[in-house]
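Below is one structure; the comments refer to it alone.
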Amino acid sequence: MSELATTRNTEELQVAYLYWLSQTSQLTDRSVLKFKEHFPTFQSWDSLSPVERKDAARSTLGDDCSKVLATNLDLAIETALRDLKFHESRGIKVIAIHSPIYPRLLESIPDPPLVLFVKGATEALLENTNVAIVGTRDTTPTGEKVAGRIAKWLGEHDWCIVSGLAKGIDAAAHRGALEAKAKTIAVMATALDKIYPAENRELADQILEGGGCWVSELALRKQPHRGTFVQRDRIQSGLSVAVIPVQTDVEGGTMHTVRFAERQERLLLCPRPIDQESSLKQYAGIRRLIETHRARPFASDQYREVLDALSNSRHRLLGAAYSQGSNAAITRVGRDKDEDIRSFNMAASAEGKLAPSIDEKQTPSRTDRRLNGRLQGDFAFVSDLNGSPLRSKKRSKKSTQDEIDILEHLIFEVEQAKNPDGTSLSSANEFKNWLESKIKAMKSK
């Protein structure tokens, strides 16, 4: 047993242990979760003899075991404790997965972050009344209007809006929530001392001023990589009872959030595109989700049914006891995701407003819907989806998305890059030199 175990508070050691595992152990995400499953507490690992550690690490981690066995645990924990104090000095809360203020919805996903870094009010995380509104950066003006108005309406009905602070749909969703004076959560792919994109710095500050918060799983001074932008998406859906993609191409980054939502059994809802824009690439992914019955489409006159579906989804995910005090009526226990959707369809049908069922055994209705709801002002975001299903291009979705991820990460790195003298890059030649030095450094690893 280490000296730390007798001189430090158990809670302090546990948070530092989880911080070390998730931030500095150099284990893969999968290995971190495996290790945590077998050795959930600092004491469970610290109490083993060197021989027992070697056997345990090898059986748990395989080839990754050397990364743990080569670590001086006392030194690693002391470093983690210093890092935790540094975060505290910067106004950032470090919330470990065993904490009573760790979001219950997020804790229930298959791969929750062991620690969350939060700046701002944590109340938004605790209420578990979150809806993620996400979409492309390459928007249309109509798409941004729709995202903002959905967010505003949900905010006015006590739902907190989750999004990623990106340009386009994300920013519009945050602004819609703020307009309703509702809380909104920005889930970042970077550490909380870096606002990306920089142009949304003012919006990020407004989120804090409005009682919301910023969330990341990256510690301060830790650099993002292309995987962190994808992994961030599981947190957006994990914090939420439902995900509403507003605009996305079939290969857009938003589809990461959609896939995570499906794995996490979150409700997927999509506003239908208007006729004039339904053929644009920004709606290709939305059309695909609706046509394949992966998402439930809704109309501008179905917001009340949307509220019911959200309440049912929250109830299903959290259980009746935890749902007491919810803003919405909850009537049943033990619903599954399909039942949430069926009840949504039944409610709409009773009003004569049934959109296509998501039940794959039923044939979707293709009723022409050109409705102007009061929430959409001078436009509707509902129209029929008649026409042949979209055909995917003969290209690798994975390779295309990999290229997108690389370029997005490169943009971020270029914005942060400095010359040796500390000045920002200002010419093509300086950028070339910086890129060559980065390639050289990567090859030497």
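No value in this document is a laboratory result; all are computed from the given coordinates. Note that the structure is a prediction, hence the values are computed from the model and not measured. Neighbour counts run over all protein chains shown; Cβ positions are idealised from the backbone, glycine included.
Of Arg259, Arg294, Arg232, Arg221, all but one fail to be closer than 24 Å to Cys160 by Cα, part of a loop (DSSP other than H, G, I, E, B) and not aliphatic (A, V, I, L, M); the exception is Arg294. Taken together, the residues in region 39-86 that are outside any helix (DSSP H, G or I) and over 33 Å from the mean Cα position of the chain (by Cα) amount to 5. For the condition surrounded by 19 or more Cβ atoms within 10 Å (Cβ to Cβ), touching a residue at least 40 places away in the same chain (Cβ under 8 Å) and out of contact with any Lys or Arg (no Cβ under 8 Å at 6 or more places or on another chain), what is the one hit in Gly212, Gly252? Result of the check over Gly212, Gly252: Gly252. In region 224-241, the residue that is surrounded by the most Cβ atoms within 10 Å (Cβ to Cβ) out of those that are small (Gly, Ala, Ser) and under 17 Å from Asp170 (Cα atoms) is Ser240. Filtering region 106-165 to residues that are part of a loop (DSSP other than H, G, I, E, B), of a type in the set (Gly, Ala, Ser) and over 16 Å from the mean Cα position of the chain (by Cα) leaves only Ala121. Scanning region 157-197 for residues that are under 19 Å from Ala121 (Cα atoms), among the acidic types (Asp, Glu) and free of Cβ contacts under 8 Å to residues at least 40 places away in the same chain gives a single hit, Glu179.
Of all positions in region 125-143, at least one carries a residue that is of a type outside the set (Lys, Arg) and under 24 Å from Leu220 (Cα atoms). Within region 268-292, being touching a Phe, Trp or Tyr at 6+ places or on another chain (Cβ under 9 Å) and under 30 Å from Ile97 (Cα atoms) holds for one residue alone: Leu269.
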